[in-house]
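Presented below is the structure to which this report refers.
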Amino acid sequence: MNAFKVMLAKDLRVELRTLQSLPAMALFAVTTFVIFRFGLDRTSLEGSLAAGVLLVTVLFAALLAINRLFVAERDEGGFDAIRLAPVDPSSLYLAKVAALVVYLLALEAVALPVFAVFFLDGAEGMAPLAGILLLLDLGLAATGALVSTIGANSRARDLLTPLVLLPLLVPLMIAAAGAAEPLLAAGGPAYDEVGKWAGTLALYDLTFLLVGYAVYDFLLED
Amino acid sequence: MEVPAGRCWENRGVPETTAVETESGSDRAQQPAAPEAVVATHALRRDFADEPVLRDVTLSLDAGETLAVLGPNGAGKSTLLRILATLLRPSGGEVRVLGAELPRMAWQARGRIGYLGHDPMLYRDLTLAEALRFHARLHRVADVDARIAELLAEVGLGRRADQLVRTLSAGQLQRAAVCRCVLHEPELLLLDEPGAHLDPAGLATVSALIGPEAPAARVLVTHDVETALAEGQRALALRADGIPAYEGPAAGLAPSDALTIYGGRV
């Protein structure tokens, strides 16, 4: 727990100081909403289209952070430093997942109001939608941190991470879209099948967190 | 000029105190318990993509001793250090560091090794004090701030504690890396060109921490042959193909002989 806290605090401190990921993610999300607004030529979205616009934007904004997640560890000897210390290497994985979740929550604190202003007629479904986004963030972070570690040690890391990650995220995105669609339905949120999809999201999150925690030790070995 | 044949492969036998000893338990019980070697390897091999980089390295280092590792570029010196630091897996042979068989028991040695490699391993967007605090907390160092202040003062970086690591000069960075290396008072120091980027004054400031008087066994990789042989009790000379040309007491290897492993390029 000590190592987890130390690594998470380091990541958050560096991000607050350098702002390398968060502003880029927020700017990307807002720009994407503008493009959708004029590209679709719609001032109002609902149902599956609204869910798709929101979730795809969050997904690709998350990729920006995932690609940068281990840059410091790779370029500044962080991987070696952690392997030299008497700590469980899985602490690094959990710290990176937590850092990524914090980044995504910060992103959504900016992106969700902008999305609502651009595309929604009301804000009734926002509270349950925030819960679904939290489950989505956890899945993105659990899978992203795992794949990003593999990519960090590869020469083709810029290609490898999205190419491996996106197929793995398909079930997560299907479940998130299934849960978000009724919450963004025309005429106000409905809760049909939201529970089922939220359960699927939670199961996905748990599976990848457990897999990541179990295999991370081996990923850090040479 | 060839390394004198009589000295080559001297003391290549595995020390009696290492993991590869074969004596029975009852035989061992009759002998006084000898202190276990801090580092012991037997027929160590490391390949990169099926290309051997280190071959048949057998060595031993006891507590308080310094092993000088010499050899031309590409001879596998840094690779050897990374294996001993538990950062690389050996491709073959046996390795014991601080009583832990590598790579299986690497976790037993981690936290007891101070590794100074080519990379300072300090996050560039943290201040010097923050970067060292990060390592100190991972190593559960007691009284972190006092220890960092003490080390920074010793290497002449006391006034740089709040400066971002990225703004330090190469020499200052090397001194900071020395602090990082000894923060947790390791039992074994693995030093890869510790004098890199340091001027004579800088070398003097780090000497008490990682020099001959340091309170730890040392494996010292350097191209400064005379200093290495003067400081070391043991010596390992690697040829360009990663095969040891000499392993034994440092006193048994003359600097002029050691220079021959560089193939006349010195």
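A short reminder: the numbers here are calculations on the coordinates, not readings from a lab. Computed from a prediction, not measured in an experiment: that's the story for all the values here. Glycine also receives a Cβ, built like all others from the backbone with ideal geometry; neighbour counts cover every protein chain displayed.
Worth pointing out:
- Residue-wise HN-Hα couplings along the range A:18-28, as the Karplus relation 6.51 cos²θ - 1.76 cosθ + 1.60 with θ = phi - 60° gives them from phi, are 9, 6, 7, 10, 4, x, 5, 5, 5, 5, 4 Hz; Gly and Pro carry x.
- Using only side-chain charges placed at the Cβ, +1 for Lys and Arg and -1 for Asp and Glu, the dipole size of chain B relative to its Cα centre rounds to 740 debye.
- Around the amide H of B:Tyr115, modelled in the peptide plane, lie the amide H atoms of B:Leu190, all under 5 Å away and 5 or more residues distant in sequence or on another chain.
- Cross-link reach is defined here as a Cα-Cα straight distance under 21 Å, omitting same-chain residues fewer than 8 places apart; for A:Lys5 the lysines meeting it are A:Lys96.
- Computed Kirkwood radius, in angstrom, where 1/r is averaged over Cα pairs of the protein assembly as shown: 25.3
- Longest DSSP-loop-exposure-free segment, GluC sites (Glu not before Pro), chain A, at most 16 other Cβ within 10 Å: A:1-123
- Charge dipole (debye, nearest 20) of the range A:54-200; +1 at Cβ of Lys and Arg, -1 at Cβ of Asp and Glu: 440
- Inter-label distance for A:Arg155 and A:Val71, nm, one decimal - labels placed 7 Å from Cα along Cα-to-Cβ: 2.2
- Sites B:Trp107 and A:Ala123 - FRET efficiency at Förster radius 60 Å, r taken between beta-carbons, to 0.05: 0.70
- Loop-located GluC sites (Glu not before Pro) in the range B:168-266 whose Cβ has at most 10 other Cβ within 10 Å (DSSP): B:Glu213
- Each Cα pair under 8 Å and six or more residues apart adds its separation to the average, and for the range A:1-121 the resulting relative contact order is 49 percent.
- A Gaussian network model of chain A, with springs between Cα atoms under 10 Å, assigns the largest mean-square fluctuation among A:Ala109, A:Ala51, A:Ala95 to A:Ala109.
- Contact order relative to length of chain B, as percent, for alpha carbon pairs under 8 angstrom and 6 or more apart: 27
- Contour minus Cα-Cα distance for A:Val215 and A:Arg37 (0.36 nm per residue): 59.9 nm
- Inter-probe distance in nm under a simple model that places probes 7 Å from Cα toward Cβ, at A:Leu206 and A:Ala106: 3.1
- Mean residue ellipticity at 222 nm, helices only, chain A: -28000 deg cm²/dmol; runs of at least 4 DSSP H residues each add -39,500 (n - 2.57), and the sum is divided by the number of residues.
- Relative to the longest principal axis of the Cα atoms of chain A, helix A:126-152 runs at roughly 30 degrees.
- ³J(HN,Hα), Karplus 6.51/-1.76/1.60, whole Hz, each residue of the range A:66-73, x for Gly, Pro: 4, 5, 9, 4, 10, 4, 5, 5
- Debye log10 I(q)/I(0) for chain B, one point scatterer per Cα, at q = 0.17 Å⁻¹: -1.31
- Taken over the range B:92-135, the percentage of Cα pairs per 10 Å bin, counting from 0 up to the bin with the maximum distance, is 24, 34, 28, 13, 1.
- Using a Förster distance of 22 Å, the FRET efficiency for A:Val170-B:Asp47 (Cβ separation, nearest 0.05): 0.05
- Shielding score for B:149-161, defined as the mean number of other chain Cβ atoms within 10 Å: 0
- Only Cα pairs under 8 Å and 6+ residues apart enter the sum, and on that basis the relative contact order of the range B:116-195 stands at 48 percent.
- Shape of chain A, Cα gyration tensor, a/c cut at 1.5: prolate
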